[in-house]
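Student: Take this structure first; my questions come after.
The values are calculated or read from the model by the stated rules, or taken from the named source; none is laboratory data. What you are looking at is a predicted structure, and each value in this text was computed from that prediction instead of being measured. Virtual Cβ from ideal backbone geometry, glycine too; neighbours counted across all protein chains shown.
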Amino acid sequence: MKPYYSEDGITIFCADCRDILPSLPKVDVCLTDPPYGLEFMGKEWDHGVPGRETWEAVLRVLKPGAPLLAFGGTRTHHRLMCAIEDAGFEIRDCLMWLYGSGFPKSLDVSKAIDKAAGADREVVALKPHARPNSDGKSHGYSGKQQHDPFITAPATDAAKLWNGYGTALKPAWEPIILAMKSCDGTFAENALKWGVAGLNIEACRITATDSQLAEKYASVRNAPPRKNRIFGADAKPRSEGKLEPSPLGRWPANLLLDEESAELLDEQSGPRMHAAGFQTDGTHCPSLGSFGPVPNKAPGGMPSVRHGDSGGASRFFYTAKADSNERGTGNDHPTVKPLDLMAYLCKLLCPPSGGVLLDPFMGSGSTLISGRRFFQRCIGIDSDEHACAIAVDRLRQSVLDFDPTCGVARNWRGNAD
């Protein structure tokens, strides 16, 4: 089939992915956001979760040892995971992407009771962030239309009894299934033969900025000598003890936060010291075990390397920040993923050679826009022609081009290259 679009290492097909996948060459990585089967906004493409047949087609086109990351819905990801596993993939993990911008899609039971009884409710207040227009509708700060901007009082006795009851919680996270095609031999053998093996851990460590690291190193080196825990004698100064914060950063976790959820987490946790780190005044903060302070020694008596940092709990996890302008002009797709989040996942999956990235449920093209910086070639497939047009338009908008001084590099805590 002739591609819908093919330029600069990006190829897009407008068709059912099951019709395209058999004709593709082997690819190194699959990163995709498939339908959740929630009939989202009545969209036809979201009427079902892709089944075993679809993931078998994806499995056949992947190289041995190739990773798959697939977003899912909290209500239906079990079906997605089972379909992926039944197709022959190994389930390796399940990442959690936390965000603070979810909007609860809940039915007000009290209002439903009054509506069924034909009772009129008294308006008592205006909802927070609501700005009613002349038509009686309103737009919140997010720009999304709210059809009922008013707080009303229950009219019937039954409605009063059920006042405050709803049918759904606010969505605040999405699962991302991490799976892998079985290796051809060991991981080492697979890496040498196929050029695919594991995750790019080192490139995705969560590191501090140069200024933050410099401040941490200074606090460590300037810390006063500490007393030996057993004999009370002075230990070596920090500059000689080699107990310094590691510049490598933290191991990437299977929990990812957006900016708002990170702020909420830090607000709840407050400032936290890393075990065996240093207080803000430079004094030592020993790690605590079941029986009190634990000597800061690795097996064999070697000094261990600790991060020695402080801050909110969110510093343990990557923070994905969505730019309000990243959708691009004319993008009305309802489920656009943040570019920084997709770029982080692309970097995590990318093999040393770059390789080929596949997204069989491309949508508005966020995976391709983010992936073109890391992969030699990106392939996107979507059966919705309108979504394909949006993706092409976004790819052509120069404002979305990644640059070392903006875009991903602006928001990543780790290295951008």
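Student: Condition check: of a type in the set (D, E, K, R), within 30 Å of VAL27 (Cα to Cα), at pLDDT 90 or above and in contact with a Phe, Trp or Tyr (Cβ under 8 Å, 6 or more places away or on another chain). Does GLU189 satisfy that?
Tutor: Criteria not met by GLU189.
Student: Separate question: Determine whether GLY185 is more than 19 Å from ALA125 (Cβ to Cβ) and in a loop (DSSP other than H, G, I, E, B). Outline the logic, then answer.
Tutor: On the way: more than 19 Å from ALA125 (Cβ to Cβ): yes; in a loop (DSSP other than H, G, I, E, B): yes.
Yes, satisfied.
Student: Sort out which residues of region 165-174 are loosely packed, with under 13 Cβ neighbours inside 10 Å and either modelled with pLDDT of 95 or more or of a type in the set (Val, Ile, Thr) (or both), and write them in order of number.
Tutor: Residue satisfying the conditions is THR167 alone.
Student: Shifting gears a bit: Can you give me the ranges of the helices (runs of 4 or more DSSP H) entirely in region 1-114 with at least 3 residues that are among the hydrophobic types (A, V, I, L, M, F, W, C) and over 27 Å from ARG396 (Cα atoms)?
Tutor: Per the criteria, 52-61, 77-86.
Student: While we're looking at this one, here's another question. Within region 175-183, is even one residue farther than 22 Å from LEU38 by Cβ and either exposed (fewer than 14 other Cβ atoms within 10 Å of the Cβ) or free of Cβ contacts under 8 Å to residues at least 24 places away in the same chain (or both)?
Tutor: yes
Student: For region 97-120, state whether one or more residues are under 26 Å from PRO252 (Cβ atoms), surrounded by 12 or more Cβ atoms within 10 Å (Cβ to Cβ) and among the basic types (Lys, Arg). Walk me through how you get there before you give the answer.
Tutor: Pass one, region 97-120, residues under 26 Å from PRO252 (Cβ atoms): 97-102.
Adding the requirement that they be surrounded by 12 or more Cβ atoms within 10 Å (Cβ to Cβ) leaves 97-102.
Applying the additional criterion that residues be among the basic types (Lys, Arg) yields none.
No.
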